[in-house]
Amino acid sequence: MSLAEVVMAQPDVGQKLKLQHLGKVYGHDDESVAAIEDINLDVSDGEFVCIVGPSGCGKSTLLNVIAGFLPATSGSVTIDGEAVSGPDPRRILVFQERGVFPWLTVEGNIGFGLSKLPREERRQRIAHYVQAVRLQGFEHAYPSDLSGGMKQRLQVARALAVNPDILYLDEPFGALDFITRVIMRGELHRIWQTERRTILFVTHDIDEAVQLADRVIVLSSRPARIQEILTIDIPHPRNISSPRYLELRDELLKQIGLAYEI
Amino acid sequence: MNSLTKPRRWESFFWPVIAATALLALWHYSVIWTATKVFPSPLSVEKGIAELLHKHVLWADICDSLRRVALGSGAAIIVGIPLGLFLGWKPAANQVVNPVFQILRPISPIAWIPVAIIFFGVGDYAVIFLIFLGSFFPIVVACVSGVSSVPPVLLSAGRNFGLSTPRLLTRVIFPAALPQILVGVRLALGIAWLVVVAAEMIAVDSGLGYLVIDSRNSGKRYDLVVAAMLMIGIIGLALDFLIRSIEKNKSVRWGFRNAS
């Protein structure tokens, strides 16, 4: 084998997720609507990528195609060189709301994907993630007794418990009030730093994107295409009133087409 | 509770007791004023209950009626829930059987009595069959609607964790539909209790329904008729209470809007 072939055969170092000419069309023939079109993206292992765009642009569709819940009409999604053909416990999607199972306790929800583990290991895993999302004392509580923020933390814990290598988050804090949302941002960042998973995070909150992401993908309005990719080159913890932060935030607002002055 | 003035604890007992006492008094004095020879007063009904208990027929009849309801409704639950889950999961199959169900459903199980007797003869099986019929449709219908209203997000979550379709049915769809299924079961038991009394009047010679008709036929003992009626009411209430207490369980309570 020549050196060139070895180099060719080796996937890019640390590359996790690859989208190639990804497209999704709803309906068929005359009534078809293109939701996303020609999306090309490489995400490296452990990277935190935010996807922003005007509402209704197809952000959620894109995430659902990547997660395997919707079939792509063109192009491909590959993870570690393997084509995605359906949902898979190795990457878990966290929904905006009502994603936890209301008939299970906090422990039951976190342990939902762990039924194949031996009892003791399962118990330890659950205890670890109860701790990780700070739900201690609520192990036996039902979701109806939890606040909105706690339910979302529970969803993240349930996802992390099965040890996925990618987390997809679909506007996970979109239904929360402002203060809870800001707190949850900090929590997610802390979890990401300790657990080091690849995260794809769909949001319509510009601040959320600039505070959390390594890179922000800006989508155009329907059909969604990649309009711009911004690298957020501010080290953590990020100062949200630093000139660079405000500069990137303004750039994002401009990209989405929002006037800086109202 | 929607009302702004929440009743005090003693009031929630006091007023119903007053109402019941008033009703009993009205009954008692109506019997006295009208000087009826046929209709019994509350006191003679009470004596009637004591007499039935003393002769040990009451317990035997209660047990017979409850056993028939347990078997008929039990069979309806065992057959109806899996069938309802399947039909809810496969709307195409539901479309095939739905017209038949819609025609059969409004037919009172009482109308089935002659047919039941042809099939099973006079005896327990005919009554159990009638109870099965009365319980079956509410359970199936509740299951189908329960399954079809499972939030898609929960199905997606279940699939995401790698569940196959059978596991998805048992671990996500069934528990998600369970509150609605319980409502169906409660409705079914209510109907079953109505049906058992009617069926026992015709198809068998034991049970509370038989006690009612037998007390009338053998010497016009209306004190025993009303005594049996009261027992039917009390047991029906107890059955309903039983299911309602299941509905208070935390793993289904989320599905009931008015649950506290």
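The values are calculated or read from the model by the stated rules, or taken from the named source; none is laboratory data. Quantities reported herein were computed from a predicted structural model and do not represent experimental measurements. Neighbour counts are summed over all protein chains in view; Cβ atoms, including those assigned to glycine, are modelled from backbone coordinates with ideal geometry. Quick note on the areas: whole protein, heavy atoms, side chains included, nothing else; ligands and nucleic acids left out. Shrake-Rupley method; radii C 1.70, N 1.55, O 1.52, S 1.80 Å.
Using a Gaussian network for chain B with springs between C-alpha atoms less than 10 Å apart, which of these wobbles most: B:Gly121, B:Gly134, B:Gly184?
B:Gly121
About the Cα centre, and with charges only on the beta carbon of Lys, Arg (+1) and Asp, Glu (-1), how big is the dipole of the protein assembly as shown? Nearest 20 debye, please.
My answer is approximately 1760 debye.
Quick check: convex hull of the Cα atoms in chain B, volume per residue, rounded to a whole Å³?
Here the figure is 177 Å³ per residue.
Rounded to the nearest percent, how much of the accessible area of the protein assembly as shown (1.4 Å probe, protein heavy atoms only) is carbon and sulfur?
62
Set the Förster distance to 22 Å, then compute FRET efficiency between B:Ala93 and B:Ser251 from the Cβ-Cβ distance, nearest 0.05.
The formula returns an efficiency of 0.20 here.
Figure the gain on full extension for B:Asp205 and B:Ser218 (residue separation times 0.36 nm, minus the Cα-Cα span) and round it to one decimal in nm.
Net length gain for the segment: 3.4 nm.
Mind checking A:84-94 for the average number of partner chain beta-carbons within 10 Å of each residue's beta-carbon?
Across A:84-94, the average partner-chain Cβ count within 10 Å equals 3.
What longest range of chain A stays clear of loop-exposed trypsin sites (Lys or Arg not before Pro) (DSSP non-H/G/I/E/B, at most 12 other C-beta within 10 angstrom)?
A:1-115
Report the residue, chosen from B:Ala177, B:Ala19, B:Ala199, that carries the largest GNM mean-square fluctuation when chain B is represented by alpha-carbon nodes joined by springs under 10 Å.
Answer for the Gaussian network model of chain B: B:Ala19.
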